[in-house]
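Read-outs: derived from the displayed coordinates by stated rules, not from any lab. Source: prediction; values computed, not measured. Note that each Cβ is placed from the backbone with ideal geometry, even for glycine, and that neighbours are counted across all protein chains shown.
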Amino acid sequence: MEKNDLSNDQLNFENLLKQGFAVIDRRFIEYDICPKNTSKYVIVKVVNRDTFYQDMLKHYFGIEIKEKDIYSLWNNILDHKISMSKVLGRDVSIKVAALDYYNIFGI
């Protein structure tokens, strides 16, 4: 399911997880059905609510993530993905963006 018209400040990752959902991606491509300059978040139902983002980032990076504010880190990765996509003129995969973020900024 995609969520539209939410700014990063309005999207609360923790509240979504409490309801059993998680943001797994943010789309760059403009879709005809969505207003321009809106965020297109991809939200899925998850089972492992307590460790979802830590598990996903461990899968991407191959290391345990001990980040205190995992939601802020994930939001930064989503923003980095959009920045990369704008520069390249195409939608970059979230895994590529996460790895690029890790190589540039570290954790």
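How high is the FRET efficiency between ASN76 and GLU14 when r is their beta carbon distance and R₀ equals 22 Å, given to the nearest 0.05?
On the way: r = 16 Å, r/R0 = 0.72.
About 0.90, to the nearest 0.05.
Taking 0.36 nm per residue of separation and subtracting the Cα-Cα distance, what length does fully extending LEU99 through ASP69 add? If you can, show how the numbers build up before the last one.
On the way: separation 30, 0.36 × 30 = 10.80 nm, distance 1.83 nm.
Extra length from LEU99 to ASP69 when fully extended: 9.0 nm.
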Inter-site label distance for LYS45 and HIS59 at 7 Å from Cα along Cβ, in nm
1.7 nm
DSSP-assigned coil residues among trypsin sites (Lys or Arg not before Pro) in the range 53-107, each with at most 10 further Cβ atoms within 10 Å
LYS66, LYS68, ARG90
Would you mind checking LYS66/LYS86; LYS45/LYS81; LYS58/LYS95; LYS18/LYS81; LYS40/LYS66 for any pair whose Cα atoms are more than 20 angstrom apart?
LYS66/LYS86; LYS45/LYS81; LYS18/LYS81; LYS40/LYS66
